[in-house]
Amino acid sequence: MNNTPDGVELLRVAQKLLREHLLSVVSKEQRYEVLMVANAMAIAARELEAGESDLREELRMLSELYGDTAVAEAGNSLKEKVATLNKRLATDIRSGVLDGACAQGVRALLKAQVTARLRLSNPKYLKAVGIE
Amino acid sequence: MGLNGGSQASHLGKEMVYAVGEFLAGVCDCARLEILDMRLLKGGAVQENYALEIEIEGGSDHGRHALVLRTDATSRVQTSLSRSEEFAVLKAVHAAGITVPEPLWLCEDPSVIGRTFFVMRRVPGVAAAHMLVRDPGLETARESLVERLGEELARLHAIRPGFPELEFLPECGYAPALNRVNLYRRYLDALSAPQPALEWCLNWLERCQPEAMDVVLCHSDYRTGNYMVERGELTGILDWEFTAWSDFHEDIGWFCARCWRFGRTDREAGGMGSREAFYRGYEGVSGATIDRDAVAYWEVMAAVRWGVIALQQAERHLSGEQESLELALTGRMVPEMEMDALMLIDKISGRVSP
């Protein structure tokens, strides 16, 4: 299927229309709403562009912690596996079973997860704190 | 006694305006009372605030009065104080000399407008955080303003457990930090998606609790956005519905937390001024020394708390309870709070042993 322009491009040009033309003609209260819409579109565009690469990377890190067998048993789809293992991770952190030898690995995994989510939701934040 | 609903207020529903007018005429010392205007103010998801303009003839209250009527929104969240309790808090802190809108009357009779409400005096000024941190007209006033906010907070914290009018507030015990950790874990349990990063931060908060500190009356939402400023001067501290007994460093950490600086992270006191000026005001009035490490700990707690609240707000959208782009986008702010907490923990761990 060759559907062009693609979703990322459509969202990009729609945002440009919002910011460059509509923003200046709406009321003060609507300005805030227009900016929210533009922000939502920007996040959606970044997500669309990233595709499944973030999920694959997250699963790779989770498999380092829990092993291939756990990954194989965690569900059918990529999304399901990541969700299942994150649920286990949250439970394990609270119970303290990860506090010993793997504490450093868990810490690195969490920071990588949060960084990946920020890259989609608010890449400016990562620049502001000097991470990227 | 005469009463008039006023034409500008008609869109609110004449019955409500009339009922409020009748109530006010009953509690005021007056010959005649007229509601000139009554309109809903923006920005309350859990509470509704109405700006009220009244004219009183005769009696000790003779003249025009600008007031605010505060009541529960129809979609009430049962996690904060009731309006009657908030009114009692407002009375207590007003009597203690803290700069708040003067509380006037409480109506607990459900037959009036269907919900409990109270009426307070309206204070002039701006509360909107994004406007306050950007206003170039405030440049020369910022340092004295945050110093004043430190002084006010110290005055609030002089109120200690055992205060007779505040007996309804739950006791805090000796572990305010642990109370918070347990509360936020319960909040996470009620949400569907797992939150490994917040869980990790909560473990750290449990493990690294500061030593027992003085337990005082905390506002618990003391931040830019919840106070009014008029021409560079503080005119009123608002939103007392989360008031609780806690470690006094909790309010200081919440005020200074990165997530409440509204983009002006260089101004560590609420995006408005320097931490030094805020601390100077606080320590000058309280005579107590602020434990800098304890504040850093409570700033981690602040990031975690705001992260949990942001998840709850997103859940209101996701569950279909209240479809809202603003609530949905708040959910996407959670990783900012997580990173704030993780980086601050790194910084603290480099300074004091965990």
Taking Cα atoms, how many degrees apart are the long axis of helix B:275-286 and the longest axis of chain B, rounded to 10 and kept between 0 and 90? 70 degrees
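Which GluC sites (Glu not before Pro) does segment B:189-256 hold that lie in a coil by DSSP with at most 13 other beta carbons within 10 Å?
Values: sites: B:Glu199, B:Glu206, B:Glu211, B:Glu230, B:Glu233, B:Glu241, B:Glu250; in loops: B:Glu211, B:Glu241.
Answer by residue number: B:Glu211.
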Mean shadow area of the protein assembly as shown over all directions, Cα convex hull, nm²: 27.2 nm²
On average, how many beta carbons from a partner chain sit within 10 Å of the beta carbon of a residue in B:200-208? 3
Which of the peptides B:180-191, B:146-157 is most tightly packed, and how do the rest follow, going by the mean number of other Cβ atoms within 10 Å of each residue? B:146-157, B:180-191
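Stokes-Einstein at 10 °C, 1.306 mPa s, Kirkwood radius from Cα pairs: D for segment A:1-122 in µm² s⁻¹? Let's see the in-between values first.
Details: Rh = 17.2 Å.
Roughly 93 µm²/s, to the nearest whole number.
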Run the helix sum for chain A: -39,500 (n - 2.57) per DSSP H stretch of 4+ residues, divided by residue count, reported at 222 nm to the nearest 500 deg cm²/dmol. -24500 deg cm²/dmol
Simple label model, 7 Å out from Cα along Cβ direction - B:Ala73 to B:Leu40, nm: 1.0 nm
Per-residue mean of C-beta atoms belonging to partner chains within 10 Å, peptide A:39-50: 1
Could you pull the Rg and Dmax for segment B:175-218, using just the Cα atoms, both in Å? 12.0, 36
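If you put +1 on each Lys and Arg Cβ and -1 on each Asp and Glu Cβ, how big is the dipole of chain A around its Cα centre, in Debye rounded to 20?
On the way: 19 positive and 18 negative charges, 99 e Å.
Dipole size: approximately 480 debye.
Note down the magnitude of the dipole of segment A:1-51 about its Cα centre, charges +1 on Lys and Arg C-beta and -1 on Asp and Glu C-beta and zero elsewhere, to the nearest 20 debye. List each step's numbers first, then the result.
Numbers: 6 positive and 7 negative charges, 42 e Å.
Result for segment A:1-51 is approximately 200 debye, rounded to the nearest 20.
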Looking at B:Val89, B:Pro110, B:Gly150, which one has the Cα that reaches farthest to the positive end of the dipole of segment B:89-154 (charges on Cβ: Lys, Arg +1; Asp, Glu -1)? B:Pro110
At 1.4 Å probe size, with every protein chain present, just tell me what the per residue accessible area of the protein assembly as shown comes to in Å². 48 Å²
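Assuming 0.36 nm per residue, please report the length gained on full extension of the stretch B:Met131 to B:Asp214 beyond their Cα-Cα distance.
Computed gain between B:Met131 and B:Asp214 is 26.4 nm.
So for chain B: antiparallel DSSP bridges make up what percent, rounded to the nearest 5?
Details: 37 of 40 bridges.
Taking every DSSP beta bridge with both residues in chain B, the antiparallel ones total about 90 percent.
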Computed [θ] at 222 nm, helices only, for chain B once each DSSP H run of length n ≥ 4 contributes -39500 (n - 2.57): -13500 deg cm²/dmol
Averaged over the residues of A:88-97, the number of partner chain Cβ atoms within 10 Å of each residue's own Cβ comes to 5
Show me B:110-116, A:33-39 ranked by packing, highest mean number of other Cβ atoms within 10 Å first. A:33-39, B:110-116
For segment B:12-60, what are Rg and Dmax over the alpha carbons, in angstrom? 12.2, 37
Roughly how big is the protein assembly as shown's charge dipole about its Cα centre, with Cβ charges of +1 (Lys, Arg) and -1 (Asp, Glu), in debye to the nearest 20? 1100 debye
Of all the accessible heavy-atom surface of segment B:76-206, with the other protein chains kept in place and a 1.4 Å probe, what percent is carbon and sulfur? 53 percent
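Quick one: which of A:Lys16/A:Lys124; A:Lys28/B:Lys42; A:Lys87/A:Lys111; A:Lys16/B:Lys42 span more than 21 angstrom between C-alpha atoms? All intermediate terms of the calculation are to be shown ahead of the outcome.
Working: A:Lys16/A:Lys124 18 Å; A:Lys28/B:Lys42 13 Å; A:Lys87/A:Lys111 17 Å; A:Lys16/B:Lys42 29 Å.
Exceeds cut-off: A:Lys16/B:Lys42.
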Which of B:Ala277, B:Val300, B:Trp260 sits farthest toward the positive end of the charge dipole of segment B:253-309, with +1 on the Cβ of Lys and Arg and -1 on the Cβ of Asp and Glu? B:Trp260
Counting only other residues whose beta carbon sits under 11 Å from that of A:Glu52, what net charge do I get with K and R as +1, D and E as -1? -2
Among B:Leu183, A:Asn76, B:Ser319, pick out the residue whose Cα is farthest towards the positive end of the charge dipole of the protein assembly as shown, where Lys and Arg carry +1 and Asp and Glu carry -1 on C-beta, about the Cα centre. A:Asn76
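I need the peptides B:292-303, A:53-64 ranked by packing, meaning the mean over residues of other C-beta atoms within 10 angstrom, with the highest value on top.
Numbers: B:292-303: 22.7, A:53-64: 15.7.
Ranking, from highest mean packing down: B:292-303, A:53-64.
The values are calculated or read from the model by the stated rules, or taken from the named source; none is laboratory data. All figures in this text were calculated on a predicted structure; none of them were measured in a lab. As a convention, Cβ positions derive from the backbone with ideal geometry for all residues, glycine included, and neighbour counts pool all protein chains shown. For accessibility, only protein heavy atoms count, side chains too; no ligands or nucleic acids. Shrake-Rupley method; radii C 1.70, N 1.55, O 1.52, S 1.80 Å.
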